[in-house]
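These notes concern the structure reproduced below.
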Amino acid sequence: MKEFITPPEHIHFLAKKLFTDCGEIIDGSIAYLEKGGGGPTSLHTHEHNHLFIVVSGQARIELDGEVKIVNANESFLVNGKVPHSVWNNIEGTTVMIGISVKAK
C-alpha cells in the first residue's frame with residue numbers, strides 16, 4: 001500500500017492514481033476472468049487503445065511476443081495497433097475494468 005496516499009483534507013482514505021489523460025474514453029466494462037479465461041484466443045488489433053485496470057487477481061497481457069503482468073491496483077494501456085490479448089494469470093478469478101480509449 002506504499003503507493004497509496006491520503007489526499008489533503010481526507011481521513012481514513014487511501015488513493016492511488018491509475019492513469020492520467022490517455023485520450024477520449026469510448027466505453028468501459030468490468031470483466032470477471034475465471035481460471036484459464038481471457039482472449040481473444042488469437043492476438044488481435046484495432047484502432048482504439050485499451051486501458052486495463054486490475055481490481056483483484058492478476059492479468060497477463062500478451063503483446064506481440066512480449067508479456068506484461070498487471071497486478072491488483074495496477075493499470076496498463078495497450079496500444080490497439082499492437083497485436084494483443086488478455087488472460088487471467090492466477091488460479092482464482094481476476095476482476096478488471098477495461099476502458100476503450102480513442103488513440104491520440
Charge sum, other residues only, whose C-beta stays under 13 Å from Ser42's C-beta, Lys/Arg counted +1 and Asp/Glu -1: -2
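Could you tell me the relative contact order of region 46-104? Use alpha-carbon pairs under 8 Å, at least six residues apart, and round to a whole percent.
After rounding, I find 49 percent.
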Span from the region 1-53 Cα centroid across to the region 64-90 one, whole angstrom: 11 Å
In whole percent, and with a 1.4 Å probe on the protein chains, what portion of the accessible area of the chain is carbon and sulfur? 54 percent
With every protein chain kept in place and ligands, DNA and RNA left out, what is the accessible area per residue of the chain? Probe 1.4 Å, answer in Å². 64 Å²
Glu74 long-range amide H proximity, modeled H, under 5 Å: Val54
Residue-count net charge about Pro83 - beta-carbon cut-off 13 Å; Lys, Arg +1, Asp, Glu -1: -2
Among [x] 81; [y] 132; [z] 117, find the value of volume of the Cα convex hull per residue in Å³ that was calculated from the structure presented, and write down its label. [z]
Let's see if you can work this out: charge +1 on each Lys and Arg Cβ, -1 on each Asp and Glu Cβ, no other charges. What is the dipole magnitude of the chain about its Cα centre, in debye to the nearest 20? 100 debye
At 7 Å along the Cα-to-beta-carbon direction for both Lys16 and Lys102, put a label point, then send me their distance in nm to one decimal. 3.1 nm
Among Leu51, Tyr32, Ser100 the positive-end extreme of the charge dipole of the chain (Cβ point charges): Leu51
Rounded to whole Hz, the Karplus (6.51, -1.76, 1.60) HN-Hα couplings of region 83-98, x for glycine and proline: x, 7, 7, 10, 9, 5, 10, 10, 6, x, 8, 9, 10, 9, 9, x
Positive end of the charge dipole of the chain (Lys, Arg +1 and Asp, Glu -1 on Cβ, about the Cα centre): tell me which of His12, Ile61, Ala72 has its Cα farthest that way. His12
Hey, what did the chain get for relative contact order, percent, Cα under 8 Å, at least 6 apart? 37 percent
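The values are calculated or read from the model by the stated rules, or taken from the named source; none is laboratory data. Source: prediction; values computed, not measured. Neighbour counts are summed over all protein chains in view; Cβ atoms, including those assigned to glycine, are modelled from backbone coordinates with ideal geometry. Ligands, DNA and RNA are stripped out before the accessible areas are found, and what is left, the full protein with its side chains, is counted by its heavy atoms. Shrake-Rupley method; radii C 1.70, N 1.55, O 1.52, S 1.80 Å.
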